[in-house]
1. With A155, A159, A146, A140 as the choices, which residue is more than 35 Å from the chain's Cα centre (by Cα), more than 17 Å from P293 (Cβ to Cβ) and without any contact (Cβ under 8 Å) to a residue 12 or more places away in the chain?
2. For region 320-347, name all the residues that are surrounded by 12 or more Cβ atoms within 10 Å (Cβ to Cβ) and in contact with a helix residue (DSSP H, G or I) (Cβ under 9 Å, 6 or more places away or on another chain).
3. Considering only residues of region 272-315 that are charged (D, E, K, R) and either in a helix (DSSP H, G or I) or touching a Leu at 6+ places or on another chain (Cβ under 9 Å) (or both), which is farthest from L147 (Cα to Cα)?
4. When you check L23 against the structure, is it assigned to a helix (DSSP H, G or I), surrounded by fewer than 16 Cβ atoms within 10 Å (Cβ to Cβ) and in contact (Cβ under 8 Å) with a residue 12 or more places away in the chain, yes or no?
5. Considering only residues that are touching a residue at least 40 places away in the same chain (Cβ under 8 Å) and in a loop (DSSP other than H, G, I, E, B), look in region 403-414 and name the one that is surrounded by the fewest Cβ atoms within 10 Å (Cβ to Cβ).
6. Keeping to region 421-456, report how many residues are within 22 Å of L97 (Cβ to Cβ) and surrounded by fewer than 16 Cβ atoms within 10 Å (Cβ to Cβ).
7. Which of the residues spanning region 232-277 are surrounded by fewer than 16 Cβ atoms within 10 Å (Cβ to Cβ), closer than 20 Å to F288 by Cβ and either charged (D, E, K, R) or not assigned by TED's automatic domain parsing to the domain that holds P293 (or both)?
Amino acid sequence: MKELLRFLSMHPVLALELLAASLLINLLGLASSLYVIQVLNRYVGSGVDATLITLTTGVVLAIAMEWWLRQLRRDLARGVVGGPMGRVAAGFFNALLGIKLSELLRLAAPMQREVLGHLSTVQKVYSPATVVALLDVPFALVFIAALMLIHPGVALISALFLTVVFVITLLHQHRLDHPTRQVGQLAARHAALSGSVLTTAESVRVFNGTRLMRQRWWEQLVELHREQTDLVNRQEGVQTLTQGIGALMGVVVIAYGAKLAVVGQMDTGLLIGANILAGRAMAPLLRFAQLVPQLAKARQGLEKLAQFSRLPLMREEGVALRTCQGRIELQGLGFAWPGAKGALFESLTVTAEPGTLLAVVGGNGTGKTTLMRLLTGLLEPQRGKILVDGYNLSQLAPEWWHQQLLYLPQEPLFLDATLRENLLTLQPDLSEEALHALVDRVGLRRFLNESEQGLDLPITDGGQRLSPGIRRRIALARALVADGQLVLLDEPLEGLDNAGRKLFLELIKELVSQGRTVIVASHDAAMAQVADGVVDLDVKPVPTVRLAARTPRIGGAA
């Protein structure tokens, strides 16, 4: 609720218009009660049809006016929440695009999906309907004021019941924070398990993992069901209690009004009208009680989104050199993941000149991919520095630097866009002729000929539905579009057939002959044999650097 009040304070003019509209709506809401009182007291007693027609016409006009004002108020409320919610969504997506890769990698997959779910919850709850429902709460006093005109005792009774419901609702709101957060975390973990069963379907079946997954799934489901049941019981208990209090208020008002009618202090029309007014006063408070669980979820969702948006962002500013020769120096480079027992590597020192091939070798988990990401600038070293043509990589503009790279990641993933759009992200102005020449160069022509859409083929789920070989060829074409001086290939031969291996090996030779600096991370022994220098990450903590005797263009510390 505090967030909605903050949204209103950001638009003071709209807030005043909303309050004015809400006041008029609730004043017009008195019409139905007054109509009942007047019909029973004036028409039933006299039987004059003109009186009934006049009263009916008046109340119909009031209802029509109230309906029009409600539509207007909804549009005004949309203006209040639309801007802030748009900024929340835009801020979240900008953070999603700009947060440092190291921070994203630290977030487990369930936490990533949980954050996405929070945005949907916040947008759903902080809606125009919620704004107008909360605005109606203070205007319950309009109906209490009308009851004062009928009889102060009836107004006092109604005000007492409204106060009880309001206090119970506020107390309930604070009690829901912890269980709501607990259920959200359990639901995210359970959904992540179900998602992993889909993505690892082959492994689950072939390696007889169904029993383990079924047991794990049921254990989580039982825990989630227990917490959900407790939360629902609390919510339903309070809603049942507030609805019961509302019903009890109606009984007390009728009973007290009946006693007044017997002693001549109230007639039947006023008794029925007072009961209707008391019900109209209670209605917004009951809606408020129903909104409390949703507001608790939304408040926690905003907190999670704010925490996510506060994660460190990638650097965007820097120097753009006029030319890039591609000379790379690693000086005392060291990197360790947070929480790891030791560093992946320490004091790595090596220099690669243009026109040479440097192979980075090592087993799984030794840091080959991490080193490649450090060279792209996606990760930052904790110690040492990376020099590009003598300039510290941390001082270069990331956008410019990425245009100097021919980068092939180990697990190529693509944007949810067409194949053409994926290939042209680094050079949108590349000609159609050059694009098709690139397709032929990486051996994608047959694949495109077999596709009805060709280059307009939509790629979804990061391209994971494509075969590994096709993904790698598309990734190679995307890398070659950049036409930069530094070539970074992470396990380029993985998942390729003989024709693919031959194509990649010939391309590497061609890139080296063109004077580019080529760095290949690979566990393939053939790559180390043809390289000018080899960085062995199997040696910990300081990797060894082996130089080929035939060339002096790679330098390093053994």
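1. It is A155.
2. Those that are surrounded by 12 or more Cβ atoms within 10 Å (Cβ to Cβ) and in contact with a helix residue (DSSP H, G or I) (Cβ under 9 Å, 6 or more places away or on another chain): A320, L321, C324, I328, L330, L333, F335, W337, L344, F345.
3. The residue in question is K304.
4. Criteria met by L23.
5. This residue is L413.
6. 3
7. E236, the sole residue that qualifies.
Residue by residue, here is whether (1) at pLDDT 90 or above; (2) farther than 25 Å from A201 by Cα; (3) of a type in the set (G, A, S) holds:
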| residue | (1), (2), (3) |
| --- | --- |
| T460 | no, no, no |
| S467 | no, no, yes |
| R472 | no, no, no |
| L488 | yes, yes, no |
| G495 | no, no, yes |
| A499 | no, yes, yes |
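The values are calculated or read from the model by the stated rules, or taken from the named source; none is laboratory data. Values in this document were obtained by computation on a predicted structure and should not be read as measured data. In this analysis, Cβ positions are derived from the backbone assuming ideal geometry, glycine residues included, and neighbour counts consider all displayed protein chains.
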